[in-house]
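Participant: My questions will all concern the structure given below.
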Amino acid sequence: QVQLEESGGGLVQAGESLRLTCVASTSTLAMAWFRQVPGKEREFVASISRAGQSTLYADSVKGRFDISRDRDKNTLYLQLNNLKSEDTARYHCAASAQFGLTTSRAEHYVYWGQGTQVTVSS
């Protein structure tokens, strides 16, 4: 069993930046960030491979967000730059128990954190 704990969310203005952190209780395979707004489906944001050499982004965040990981610290990061009001959501990190490469499919991740809220005011 892997425990995931996110932090770093907050209230910012449009155009500002945030850095989200997800600490895992042990080493993991591929990891990802998803986000969800109440009443809407969970949305893929970014994924990173086990080794950290491959990344995958949703078109809506490509060029603005950067996913990275520190395997020595069992920590996943998401740098959010040039934030927009439509980025407002609860951001969850996820870890796969089977896949080592990047994947955008939520069903490929079995471990999920409780999330951290990001609110962007325009």
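The values are calculated or read from the model by the stated rules, or taken from the named source; none is laboratory data. Remember, it's a predicted structure, so these values are computed and weren't measured experimentally. All Cβ positions, even for glycine, are placed from backbone atoms using ideal geometry, and neighbour counts span all protein chains on display. We work out accessible area using only protein heavy atoms, side chains counted, and drop any ligands, DNA or RNA first. Shrake-Rupley method; radii C 1.70, N 1.55, O 1.52, S 1.80 Å.
Participant: Two decimals is fine: what's Rg over Rh for the chain, C-alpha atoms, Kirkwood radius as Rh?
Facilitator: Computed over Cα atoms, the ratio is 0.94.
Participant: Starting from the stretch 10-75, pick out the GluC sites (Glu not before Pro) whose DSSP state is loop and whose Cβ has at most 16 other Cβ atoms within 10 Å.
Facilitator: Counting only loop positions with at most 16 other Cβ atoms within 10 Å, the GluC sites (Glu not before Pro) in the stretch 10-75 are Glu16, Glu41.
Participant: Give me a comma-separated list of calculated 3J(HN,Hα) values for the stretch 104-114, in order, Karplus coefficients 6.51, -1.76, 1.60 applied at θ = phi - 60°, integers in Hz, x for any Gly or Pro.
Facilitator: Working through the residues one at a time gives 9, 8, 4, 5, 7, 10, 10, 10, 9, x, 6 Hz.
Participant: Measuring from label point to label point, each 7 Å out along Cα→Cβ, what is the Leu101 to Ser54 span in nm?
Facilitator: Once both label points are built, they end up 0.4 nm from each other.
Participant: Could you pull out the trypsin sites (Lys or Arg not before Pro) across the stretch 26-94 that fall in loop regions by DSSP (anything but H, G, I, E, B) with no more than 14 other Cβ atoms inside 10 Å?
Facilitator: Here the trypsin sites (Lys or Arg not before Pro) that fit, given the DSSP loop and packing criteria, are Lys40, Lys62, Lys84.
Participant: Obtain the nm distance between the two label points defined at Asp66 and Gln114 by a simple spin-label model: each point lies 7 Å from its Cα along the Cα-to-C-beta direction.
Facilitator: 3.0 nm
Participant: In the neighborhood of Arg50, defined by Cβ-to-Cβ distances under 12 Å, what is the net charge if each Lys or Arg adds +1 and each Asp or Glu adds -1?
Facilitator: Summing Lys/Arg as +1 and Asp/Glu as -1 gives +2.
Participant: Next question, about the same structure. Amide H of Gly10: which non-local residues (sequence gap of 5 or more, or other chain) have their own amide H closer than 5 Å, using H built in the peptide plane?
Facilitator: Result for Gly10 returns Val118, Thr119.
Participant: So, one more: Would you please report the Å³ per residue occupied by the convex hull of the alpha carbon atoms in the stretch 1-62?
Facilitator: Enclosed volume per residue, from the Cα hull, is 126 Å³.
Participant: Just the accessible area per residue of the stretch 61-122, please: how many Å² with a 1.4 Å probe?
Facilitator: Solvent-accessible surface per residue comes out at 50 Å².
Participant: Multiplying the sequence separation of Ser25 and Lys73 by 0.36 nm and subtracting their Cα-Cα distance, what value in nm do you get?
Facilitator: The Ser25-Lys73 span can extend by a further 16.3 nm.
Participant: So for the pair Glu86, Ser122, with labels modelled 7 Å out along Cα→Cβ, what separation do we get in nm?
Facilitator: Between Glu86 and Ser122, the simple spin-label model gives 1.0 nm.
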